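Take this structure first; my questions come after.
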């Protein structure tokens, strides 16, 4: 595993958001999360950061950094409501090699380069930000680590908390063509799908955009961050839903059934799409699968996408 990959795994920690479980202590934030950031020290003093939040920082490091433990500091304080444990945020950041001072990776400043992630007190994101507010820039120094015979140098994270991640599509409303199932949205954005009487199932996946987003376009091979609900066309019963589980989820466009891939690729972040998927592009080839003979209806809210990174030479 490369140092960049190890760093990003440490940073993301939890891949899916969970319902916040606030234990407020009167300060307006989650008490556990507020206590997560370690104190600053000599290692932080060796890092100089300038530039605007939301743009790539200019970073100078007096390397090599010798860090015995984690250190953090808030460089710019944001405004608004503090993030809570388990909430997902939109963020951008850079990671530097503490031995050389060189940039390892930079993500989130350009569309399609990062996904929202949950803030948890035991991850680098939580240790850097704590119960920060949107608009915060933080620095976290991660001490060098060893796994078996492999050693990783210390690392410096410069992180910008841009906003709390939306949990539902925000695009402009559009009308589905006649014949599509009816979709009603709850106050939280959760869809309820009604299959019309005499619904005619298609031979190929049919799509309609219910909300037209304005974000990055999903490309084949991307990892997406979505909310979705799936029902059977035969009787309208729900068989799967991220809404029912209480959190968005993420996966590769190549890791789902063909019809679901068609519902994602080419769409823009912020969009809501309805897909009617026949068995041939669903689970038709999965012998014995409970949905093998079912035409499936999915309503998908596309909340984020990260383009596949080219393989290292």
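From the residues in segment 239-264 that are farther than 20 Å from residue 284 by Cβ and without any contact (Cβ under 8 Å) to a residue 60 or more places away in the chain, which one is surrounded by the fewest Cβ atoms within 10 Å (Cβ to Cβ)?
Ranking the qualifying residues of segment 239-264, first place goes to 244.
Additional query: More than 23 Å from residue 81 (Cα to Cα), touching a helix residue (DSSP H, G or I) at 6+ places or on another chain (Cβ under 8 Å) and assigned by TED's automatic domain parsing to the domain that holds residue 77: which single residue out of 191, 153 fits that description?
After ruling out the rest, the residue left standing is 153.
Looking at (1) closer than 13 Å to residue 155 by Cα; (2) touching a residue at least 24 places away in the same chain (Cβ under 8 Å); (3) more than 28 Å from the chain's Cα centre (by Cα), can you tell me which one residue 46 breaks?
It is condition (2) that residue 46 fails.
Out of (1) in contact with a strand residue (DSSP E or B) (Cβ under 8 Å, 6 or more places away or on another chain); (2) within 20 Å of residue 110 (Cα to Cα); (3) not in a strand (DSSP E or B), the odd one out for residue 236 is which?
Answer for residue 236: the failing condition is (2).
Still on this structure, I have one more. What number of residues within segment 108-135 are crowded, with 19+ Cβ neighbours inside 10 Å and either touching a helix residue (DSSP H, G or I) at 6+ places or on another chain (Cβ under 6 Å) or not in a loop (DSSP other than H, G, I, E, B) (or both)?
Selection size over segment 108-135: 13.
Here's a follow-up. Among the listed residues 101, 80, 86, which satisfies the condition of being assigned to a loop (DSSP other than H, G, I, E, B), touching a strand residue (DSSP E or B) at 6+ places or on another chain (Cβ under 7 Å) and either at pLDDT 95 or above or surrounded by fewer than 20 Cβ atoms within 10 Å (Cβ to Cβ) (or both)?
Going through 101, 80, 86 in turn, the sole match is 101.
Only one of (1) within 17 Å of residue 306 (Cβ to Cβ); (2) part of a strand (DSSP E or B) is not met by residue 274, so which one is it?
Every condition holds for residue 274 apart from (1).
Same structure again: Can you tell me which residue is nearest to residue 248 (Cα to Cα) among those in segment 180-201 that are part of a loop (DSSP other than H, G, I, E, B) and in contact with a strand residue (DSSP E or B) (Cβ under 6 Å, 6 or more places away or on another chain)?
181
Let me ask you something else. Are any of the residues in segment 272-279 modelled with pLDDT of 95 or more, within 28 Å of residue 108 (Cβ to Cβ) and in the same structural domain as residue 189 (by TED's automatic domain parsing)?
Yes - at least one qualifying residue is present in segment 272-279.
The values are calculated or read from the model by the stated rules, or taken from the named source; none is laboratory data. This structure is a prediction, so every number in the text was calculated from the model and none was measured. Heads up, the Cβs are rebuilt from the backbone with ideal geometry, glycines too, and the neighbour counts pull from every protein chain shown.
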